[in-house]
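Contents: one structure, followed by commentary.
Every number in this text was worked out from the coordinates using simple rules, so none of it is lab data. Everything quoted here is computed from the prediction, not taken from an experiment. With ideal geometry, Cβ positions are generated from the backbone for all residues, glycine too; neighbour counts draw on all protein chains shown.
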Amino acid sequence: MNFLFVADPLEHFKIYKDTTFSMMQEAQRRGHTVSVCEPRHIRWTQGTKVLARVRDIHLTGEADAWFAVTGEREAELSGFGAVLMRKDPPFDSEYFYATHLLEQAEREGARVFNKPRALRDHPEKLAIMEFPDLIGPTLVTRDAQDVRKFHAEHGDIILKPLDGMGGMGIFRVKADGLNLGSIIETLNRDGAQTIMVQKFLPEIAEGDKRVLIIGGKPVPYCLARIPQGSEVRGNLAAGGKGVARPLTDRDIEISHKLGPVLLQRGMLLAGVDVIGDCVTEINVTSPTCFQEIFEQTGCDVPALFITALEKELEFS
């Protein structure tokens, strides 16, 4: 079967940790062929199906020249066995438009994972609000007074933009309220932009856990991303240390509540972020941490994913 990966430029991949690379590697190992394109290579012309300018590639097994291009062509997305949307955030207007093109390709018969509508309708930070029993005290607002009241109630808070990634734009304000006004102005742009405010969870010292849910079921190990030094953020992109751990009973409880819902909505893969007992985000655009968990535990996460993908293709 031929799989098309819609992703960032291959030349920018850090294959020692890249999850999309590990997916490609496992797909090829099983005899599937791999093609790639970027969102900018997808187009839809009046009276035709959605097309993309794609590169057919073969993974070489080498560390440097890790892929070889075996062909370049224009192809209908509906002609692939599966289309995997693996473009990294930010979820900007171009990402949004890409989901519309991919949804049209679905109407033409393409199988897209995660489903374009699910990606579009599932804001990764806001999505947690649907599950109030799984999260800590949280406020979504653009009003500065709302934020100040929340701070007065909870004392130690985290503020972050709704469109951030990799820990970008996250601020902690303690009980003294130092710089709260300036931080609010920076994030909400004088009331023009909605932000999220959450009670600070001291359990972050033990790690911001990435729990992977594949085909509605949890991977048995998570990756705890532990803040280093004086940093409050555990994100790997912000210098956090990744330590693989077995899921706790609470992690399993969370996964069993979220997994079937996410799968039913068309999300074959999700990365649920958990601090202590609380869900903080539900990532569906381009969840990562496959390789880190595999290397530390031997749990073959790429194999679990491709197996789930094959099952979806077989029974749908």
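Highest mean first, the peptides 89-99, 47-57 sorted by other C-beta atoms within 10 Å per residue fall in the order 47-57, 89-99. Principal-axis analysis of the Cα atoms of the chain puts helix 19-29 at an angle of about 30° to the longest axis. With the simple spin-label model, which puts each label point 7 Å out from Cα in the Cβ direction, the residue 193 to residue 65 separation comes to 4.4 nm. Rounded to the nearest 5, the antiparallel percentage of DSSP beta bridges internal to the chain is 80%. Fully extending the segment from residue 13 to residue 203, taken as 0.36 nm per residue of separation minus the present Cα-Cα distance, adds 65.2 nm. Relative to the longest principal axis of the Cα atoms of the chain, the long axis of helix 93-107 makes an angle of roughly 40 degrees. For mean projected area of the Cα convex hull in nm², the value computed from the atomic coordinates appears in the list (i) 18.0; (ii) 16.8; (iii) 15.0 under label (ii).
Note on region 197-266 and region 146-180: Cα centroid distance 20 Å, given to the nearest whole angstrom. Helix 144-154 and the long axis of the chain differ in direction by around 70°, with both axes built from C-alpha atoms. Dipole magnitude for the chain: computed about the Cα centre from +1 point charges on Lys and Arg Cβ and -1 point charges on Asp and Glu Cβ, it is near 260 debye. Over the C-alpha atoms of region 40-81, the Rg to Rh ratio, Rh being the Kirkwood estimate, stands at 1.13.
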